Structures are given as C-alpha cells and as structure tokens.
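Only the coordinates and a few stated rules stand behind these numbers; no lab work does. Since we're looking at a predicted model, the values are computed, not measured. So basically every Cβ, Gly included, is an ideal-geometry build from the backbone, and we count neighbours across all protein chains shown.
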Amino acid sequence: MSATRTVEERRLRREESRQLEARIATVLRAGVLSAAVLLTVSMPWIVFQDRSHRAHHLSVGEALRRLPELDPRALAAVGVVILVATPILQLLTSAFLFWRKHDRLYLALTLSVCVIIAAGALLTGGGH
Amino acid sequence: MNFSPGFELAILLGAVAAGVLGALMGLGGGVLIIPMLTALGVDIRHAIAASIVAVIATSCGAASSYVRDGLANIRIGIFLCVATTTGALFGAGLNGVLPVRMLFLVFAAVLAWSGVVMYRKRGRSVTRTEPAEDAPGGRLRLAGRFYDLSLGRERRYAPQRPALGFSLMLGAGTVSGLLGIGSGALKVPAMDVAMDLPIKVSTATSNFMIGITGLASALVYLQRGQVLVSLVAPIALGVTAGAAVGTRILPKAAATTIRAWFVVVLAVVVGQMLYRGVTG
C-alpha cells in the first residue's frame, strides 16, 4: 500500500514538473516570438532607410524615446528590451510556480538569483 | 564602423551561425560574435554589448524548446545559477585587483584540462549506469529524465557531486565577472565532468542558465547606452533563427558527436585565452 502511494506520489511530482516546464517554456517562447516579430518588421528600415552615422549609433535608450513617432528603430529597440526582459520573466515565473507548489527550497533559490542579479546591476551600473 | 551595403547581411549570417553553435553547445556565441564584429570594424565595447544581447537571445530561443522537451533541468539550472551569479558579482568586485593576464593563462589551462577529460569521456555517456526508476535524486531533487531521440528511448540521470558542481560554477561565475567573458565554455564541462550529467542535458541546461547569468551585464550595458539598435537588431534576429535550427539538431545528434564538437570549440576558446594572456 505504502509502495503504491510512493509510486503515485512520484508520478504526480513528475506531472507537476512537466507543467512547470511547459509554463516556463511558454513564457520564453512568447518573449522570443514577440521580439522576433518586432525585429523582423523593423529590419527593412534599418537596412534600407537612413544609413547615416547618427542613425547607426543610436542606442536602445535613445531609440525608445522615438517610440511616439513610430520610428522603426524604436520598434526594434522595444524588441531588444522584450528580449532582455524575458530572463527576468523566466525567473519570476519560476518563483511564482515554485511558490504555488509550496517548494520553499527552490522558491528561495530563485529569489536569491533575482536579488543577486539586481544587486549586480545596481552595483556595477551605479558606478557609471 | 564601416557600414558597407552588406554589413547587416554579414552580421545576420554570422549571428545565425552563432545561434546554431550556441544552442547546440550551450554557449552564448560570444566566441564567434565578438571576433566577427571587431573584424568588421565595430568598436569592442559595442561588440561586447551586442554579444551579451545575443547570449540572451540564444538562451531564450534555445531554452524555450529544451525546457518544453525536458532536456534542460530547471532545478539544476536554478541551483547552479545561484553560484554563477554570486561568482560574477564577486568577480566584478575583484576587477583590477588580480593580474588579468595570469588569469587568462590559468583559465586557458583549466579549459584545456576540461577538454582532455571530455575527450576521454567520449562514448561513455551511452554506457553509463542509469539510476533506478524510483531513485529519489537526493535532497535537492536534481535527478531527471529525458527522451533521447538518437537512442530512441528514455534516459534517466542523477547528478553526482552537486557540491563540487556548485563550487566550480562559483569559480566559473567569478572568472566570467572578472574577465568579462561568457561562461558557457566553463558551465558545460563543470556539469559534464564534475556532475557527470549527460552531455545533452549539460548543454541544454547551460542554455537555460546563460541568459540569466548574462542579464545583469545586459542591464548595465543598456544603462550605459552601449547597445546600438542597428547592430543588435540583426544579431538578435539571426541568433534567434540560428537557435531555432540548433534546437532541432541537438535532440537527434549523437552524444559523442556533440562532445567531439564541444572539444573543438574549447580548443578555439583556449587559443583565444592564450592569445589574450600572452599579448595582454
């Protein structure tokens, strides 16, 4: 009876793991696809329009400020920002799913990673 | 930067190759992208910033398939990310304190040793004793399973020596933060050699991790305005397409082939490290 219960528990745990994997994969896929669409749409403008030195040295931050004008480089910049934000969503989704599964160990580990990355970005970026 | 008409096309094609290689080998692709961009006349600071975004694109593109297919082990990835991110933070703090040229040489020696061990392990992954069906996988619950298309059956694995793997990842993160290099070349051997994971799981889990490790650097480069839209857009697009191709190859490829290719890539990285160690 106990052995049957253990096998059943393990099967359920595996099923939960598969659901966790499927949700994280969905978040990653959504991030990559939306970024890819924006980059693909803006690529012809980047390649064939405004080939000035100024346009080529436009940073993501500067391009984002042109978003209200619907500048194609601003759309590409949004794609880049979505791409960079995807691992953040990957971590937050993992933390949320570990929390829902009452997996305290991996919730703590995931949140630790978030804190370390935030500290790293603040400490290293703060000096410049 | 010299913008010839074929500039974007050249970097797009180079990025596709980097994406395929990155998804297959668990690397960020910096090993290809940075030399390619600098050869095209791109400033090294912009090349490194673009390479970091490429790492994230490769990681997200590849990991979305590997996580769904059960090739990437999320628990191993999160557990080891604690070590790599801590190490990277520590390494960034040590910047300027330790002699960088010496570190490049030590790093080259460590990678060369990893390459030799990985080469000697070729073929072993297929004959390795698999854990029992109901193996608990230890307190960290790191054991996993995946369907190996090249073998046509499910494979189970239980990582060995997680503490050693964690320590090596701490070292990998420190070296990465200190030298400003991607650590995929260190992550895969640490998982393969120290934790005795199947090579496909090592490369897939490395892909899951490299985007998270690269995140802190990417945020810094974005803040500094070093990520140029016209440079990073074709790279991100090319790498994403390349990663999609790489993720279709890895599940079907034989473990011995992946291992052999990884050893070749390690040899290239060792050459780059030796060059930087000798010339400064």
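So here's what we get for this one:
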item	result
Order of A:70, B:37, B:140, B:80 - criterion: other Cβ atoms within 10 Å of each residue's Cβ, fewest first	A:70, B:140, B:37, B:80
Two-site label geometry, residue A:22 and residue B:94: point separation in nm, points 7 Å out along Cα→Cβ	4.4
Cα-based Rg and Dmax for chain B, where Dmax is the largest Cα-Cα distance (Å)	18.0, 60
Exposure proxy ranking, count of Cβ atoms within 10 Å, fewest first, for B:147, B:157	B:147, B:157
Computed P(r) (all Cα pairs; the protein assembly as shown; 10 Å bins; percent)	5, 24, 34, 25, 10, 3, 0, 0
Inter-part distance where region B:3-62 and region B:216-280 are each reduced to a Cα centre, Å	7
Reference-scaled alpha-carbon Rg (2.2 N^0.38 Å with N residues) for region B:1-96	1.26
Cβ-based exposure ranking for B:97, B:31, in which fewest neighbours within 10 Å come first	B:97, B:31
In Hz, Karplus ³J(HN,Hα) per residue of region A:15-32 (6.51, -1.76, 1.60; θ = phi - 60°; x = Gly, Pro)	5, 4, 4, 4, 5, 4, 4, 4, 6, 5, 4, 5, 4, 4, 5, 4, x, 5
Label zone at residue A:41 (point 7 Å along Cα-to-Cβ), backbone N below 19 Å, region A:80-112	A:80-86
CD proxy at 222 nm, helix term only [per DSSP H run n ≥ 4: -39500 (n - 2.57); per residue of chain B; nearest 500]	-23500 deg cm²/dmol
Largest-first principal axis extents of the Cα set of chain A (Å)	75, 35, 20
CD proxy at 222 nm, helix term only [per DSSP H run n ≥ 4: -39500 (n - 2.57); per residue of chain A; nearest 500]	-29500 deg cm²/dmol
Two-site FRET efficiency, residue B:224 against residue A:12, from Cβ-Cβ distance with R₀ of 51 Å, rounded to 0.05	0.60
Assigned charges on the beta-carbon of Lys, Arg, Asp, Glu; the protein assembly as shown dipole about Cα centre (debye)	860
Separation in nanometres of the label points that stand 7 Å from Cα toward Cβ, at residue B:264 and residue B:149	2.0
For residue B:148, distant residues with modelled amide H under 5 Å away	B:153, B:154, B:155
